[in-house]
Amino acid sequence: LENLQPEIKKLAERLRYEVSVYGKQRGWSEKVARFHFKKNLRRVVTELYVRDNCHPFKATLLVWVQIPMWVCVSLALRNCSVGAAGSEVQEQFSSGGALWFRDLTAPDSTWILPLSLGLVNLLIVEV
């Protein structure tokens, strides 16, 4: 989308000139000329999106998939660690850690995991 902006700007300037000339020939008011300019600019921009296969909705598609997935995974992890009915699941979580986090049911006192998770998510969003 960003790579198309210079081309869209040039086409908009040319279209503005053409609409103003045609509008003066036809005796259009400013409102009618603006309507035709916007309608034709929308058509031209849509053609560019189709040509380069870069519709703006594709940029937001990842967010609309990622948010529900994040909520579901968060709820599943919470239910596994806190809401587990069987004591054997609690025992597995309390003894199944690695490195500095031996007990998966205890909060991370060093804040390494929450900070690293936040930084990784920020990196993913920025990339």
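Taking the criterion of being surrounded by 13 or more Cβ atoms within 10 Å (Cβ to Cβ) and within 27 Å of Glu2 (Cβ to Cβ), the residues of region 16-37 that qualify are Arg16, Glu18, Val19, Arg34, Phe37. Residues of region 108-127 that are open to solvent by less than 80 Å² (accessible area, probe 1.4 Å) and farther than 30 Å from Leu62 by Cβ: Thr110 alone.
Candidates are the residues of region 38-69 that are within 16 Å of Asn3 (Cβ to Cβ) and of a type in the set (D, E, K, R); the one that is most open to solvent (accessible area, probe 1.4 Å) is Arg51. Scanning region 98-107 for residues that are surrounded by 13 or more Cβ atoms within 10 Å (Cβ to Cβ) and either farther than 14 Å from Cys80 by Cβ or of a type in the set (A, V, I, L, M, F, W, C) (or both) yields Phe101, Leu104.
The values are calculated or read from the model by the stated rules, or taken from the named source; none is laboratory data. As the structure is a prediction and not an experimental result, all values here were calculated from the model. Here the Cβ is made from the backbone with ideal geometry for all residues, glycine too, and neighbour counts use every protein chain on show. Side chains are part of the model used for accessible areas, which takes the heavy atoms of the whole protein and leaves out ligands, DNA and RNA. Shrake-Rupley method; radii C 1.70, N 1.55, O 1.52, S 1.80 Å.
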